[in-house]
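Everything on this sheet refers to the single structure shown next.
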Amino acid sequence: MKDTCIILLRLEGALQSWGEHSRFDYRDCASMPTKSGIVGMIGCAMGLRRGSEQLMVLSEKIRLAVRCDRPGRQNIDYHTVTADNSILNAQGKARCKTIVTYRTYIQDAFFLAAIETDWELAQKIDQAFHEPCWPVYLGRKSCVPSKPVYIGIQEGYNSLEDVMNRYPVEGQREKQTDVKKVFYEIESRDGRGYERADELVDASKRSFVSRHVMLVQKKDN
């Protein structure tokens, strides 16, 4: 038996939101799901509360690849929020009563997430998704999956790269049948690629550091 195994997740919904650089009144959305968001999703199924140190253990023990089967499109949701002086700004001072905020979402996207981890953790993740403690969501609680998220533990694949290249592409619309290029993002083992600031290092303070990932075109089968 191999030391590691691979779990697949299906990330499809009317809306998804994977914040990576959100600050204060502007909430961004990355074009690909974040590792911290997927770790949070697993933690939600397991019943881990925000700030739990076990979330950091999860983040350390998994290697992630995400394939974009359908990119969708980004939308910005404009909000005005009215409240009393109990809302504080970054300096701890009372804010004005009306606050303008922006939240970005991906509309109608489909991603395939592959998680490589040890068998012990994989069994815990498998049990959690079959009997989730809390409902899982796609980045934000308002982003409900349109299909079951959990695909399961996979047999017959040698690596994350192998499953990203060979697992069937799902979710493309009829008008997208001429799309030939499908890309996936995979964690780098040697520091190559670009940085994403979505590796959880302190759950209690919600602190993150950068990890290196590479964008790779799926091979034709």
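The values are calculated or read from the model by the stated rules, or taken from the named source; none is laboratory data. Worth saying up front: this structure is predicted, and the values here are computed from it rather than measured. Cβ atoms come from the backbone with ideal geometry, glycine included; neighbour counts cover every protein chain shown. Ligands, DNA and RNA are stripped out before the accessible areas are found, and what is left, the full protein with its side chains, is counted by its heavy atoms. Shrake-Rupley method; radii C 1.70, N 1.55, O 1.52, S 1.80 Å.
Starting at the first residue of region 42-52, write each ³J(HN,Hα) from the Karplus equation 6.51 cos²θ - 1.76 cosθ + 1.60 with θ = phi - 60°, in whole Hz, x for Gly and Pro.
Per-residue couplings from phi come out as 5, x, 5, 5, 7, x, 8, 7, 4, x, 5 Hz.
Need one word for region 1-70: rounded, prolate or oblate. Basis is the Cα gyration tensor (sqrt eigenvalues a ≥ b ≥ c); a/c below 1.5 gives rounded, then a/b vs b/c decides.
Note, shape of region 1-70 comes out oblate.
Considering only protein heavy atoms and a 1.4 Å probe, what is the carbon-and-sulfur percentage of the accessible area of the chain?
49 percent
Karplus couplings for region 129-142 from phi (6.51 cos²θ - 1.76 cosθ + 1.60, θ = phi - 60°), rounded to Hz, Gly and Pro as x?
For region 129-142, the Karplus curve yields 6, 6, 9, x, 6, 10, x, 8, 8, 9, x, 10, 4, 6 Hz.
Whole-Å semi-axes of region 49-168's equivalent ellipsoid, largest first, each the root of 5 times a Cα gyration tensor eigenvalue?
Semi-axis lengths for region 49-168 are 36, 20, 13 Å.
Can you figure out the FRET efficiency of ILE76 with ASN158, using R₀ = 41 Å and their beta-carbon distance, to the nearest 0.05?
Computed FRET efficiency for ILE76 and ASN158 comes out at 0.50.
If you rank CYS143, CYS133 by how much accessible surface each has, with a 1.4 Å probe, what is the order from largest down?
Reading off the accessible areas and sorting them downward yields CYS133, CYS143.
For region 182-193, just list the computed ³J(HN,Hα) in residue order, Karplus coefficients 6.51, -1.76 and 1.60, θ = phi - 60°, integers in Hz, with x standing in for Gly and Pro.
10, 10, 10, 10, 9, 5, 7, 8, 10, x, 7, x
How large is the accessible surface of TYR102 in square angstrom, using a 1.4 angstrom probe and rounding to the nearest 10?
Probe radius 1.4 Å; accessible area of TYR102 about 90 Å².
Quick one: order THR101, THR80 from most to least accessible surface, probe 1.4 Å.
THR80, THR101
Just round it to a whole percent: the fraction of Cα-Cα distances in region 117-177 exceeding 17 Å.
Counting every Cα pair in region 117-177, those more than 17 Å apart make up 59 percent.
Would you grab the residues whose amide H sits under 5 Å from the one on LEU15? Only those 5+ places off in sequence or on another chain, please, with H modelled 1.01 Å from N.
Hits under the 5 Å cutoff: ASP108, VAL144.
How large is the accessible surface per residue of the chain, computed with a 1.4 Å probe and reported in Å² as a whole number?
56 Å²
Which three semi-axes in whole Å describe the equivalent ellipsoid of region 99-204, each the square root of 5 times a Cα gyration tensor eigenvalue, listed largest first?
Gyration-tensor ellipsoid for region 99-204: 23, 22, 19 Å.
Compare TRP18, TRP134 by solvent-accessible area with a 1.4 Å probe and give them largest first, with all protein chains kept in place.
TRP134, TRP18
Can you bin every Cα-Cα distance in the chain into 10 Å intervals starting at zero and give me the percent of pairs per bin, rounded to whole numbers?
Percent of pairs per bin, in order: 8, 31, 37, 17, 6, 1, 0.
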